[in-house]
């Protein structure tokens, strides 16, 4: 592998990865090295449009592989918050498209056009035989396929199957960012959400830290394999 592009949604997903030895090259982009491999990391925003834009931007770096990277939600108790999951297949629930990854092992991960709500997780898991959902991987996979690039997906579990959280979809901005001010004000008036939000903060931090460590291990272990795919 000569170069790697990592596409996340939010800056906080990337912070443990880029906090040391990386150079900020844009509003939400960094360049650095993972196991000696040159890499670019972009926090493009939530959702398909933002992920597509970020993945196309990453093509200017001439990567050999794209990695969809960041937080995802558990659909069942089979995966726990803080865990890191590789995907072997991405299913775009909106279009019905299936995208294999270059990983031999891993989970089927669903890409939704919204943040999964607690009351729909069981149905999604049963219908699609999946235990993880997120919002960007299919878009990154689509760009990788169109440009003949190797595609991987690595997700850290930020929220558990039974976590009762606010509807984050109400606080997404048009460019795929999270309106934190609006979310905090909304939650402040609804104490029932406070325990779950506190857990989410801890779990998200653990998942981001785990992702950075796992990506470093993954690149070190699979450099030769990745290079010939």
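Observations on the model:
- Subset of the range 1-26 (residues that are part of a loop (DSSP other than H, G, I, E, B) and more than 19 Å from residue 84 (Cα to Cα)): 1, 2, 3, 19, 20, 21, 22
Per-residue answers, yes or no, for (1) free of Cβ contacts under 8 Å to residues at least 40 places away in the same chain; (2) touching a helix residue (DSSP H, G or I) at 6+ places or on another chain (Cβ under 8 Å); (3) farther than 24 Å from residue 218 by Cβ:
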residue: 42; (1), (2), (3): yes, yes, no
residue: 57; (1), (2), (3): yes, no, no
residue: 61; (1), (2), (3): no, no, no
residue: 67; (1), (2), (3): no, yes, no
residue: 73; (1), (2), (3): no, yes, no
residue: 91; (1), (2), (3): no, yes, no
residue: 96; (1), (2), (3): yes, no, yes
residue: 103; (1), (2), (3): no, no, no
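- Condition check for residue 78: within 17 Å of the chain's Cα centre (by Cα) and surrounded by fewer than 20 Cβ atoms within 10 Å (Cβ to Cβ): no
- Applying the criterion of at least 1 residues that are at pLDDT 95 or above and buried (at least 18 other Cβ atoms within 10 Å of the Cβ) to the helices (runs of 4 or more DSSP H) found wholly in the range 134-229 leaves 137-146, 194-227.
- Against the numbered list (1) more than 24 Å from residue 222 (Cβ to Cβ); (2) touching a strand residue (DSSP E or B) at 6+ places or on another chain (Cβ under 8 Å); (3) in contact (Cβ under 8 Å) with a residue 40 or more places away in the chain, residue 25 comes up short only at (3).
- Filtered residue count, the range 115-133, keeping only those that are surrounded by fewer than 21 Cβ atoms within 10 Å (Cβ to Cβ), modelled with pLDDT of 95 or more and in a loop (DSSP other than H, G, I, E, B): 1
- Within the range 207-218, residues that are touching a residue at least 24 places away in the same chain (Cβ under 8 Å) sit with their Cβ atoms under 6 Å from residues that are assigned to a helix (DSSP H, G or I), at 6+ positions apart or across chains, in these pairs: 208/13; 208/16; 209/16; 212/16; 212/17.
The values are calculated or read from the model by the stated rules, or taken from the named source; none is laboratory data. Bear in mind that the values here come from a model prediction, so they are computed numbers and not experimental data. Every residue, glycine among them, receives a Cβ derived from its backbone with ideal geometry; neighbour counts consider all protein chains shown.
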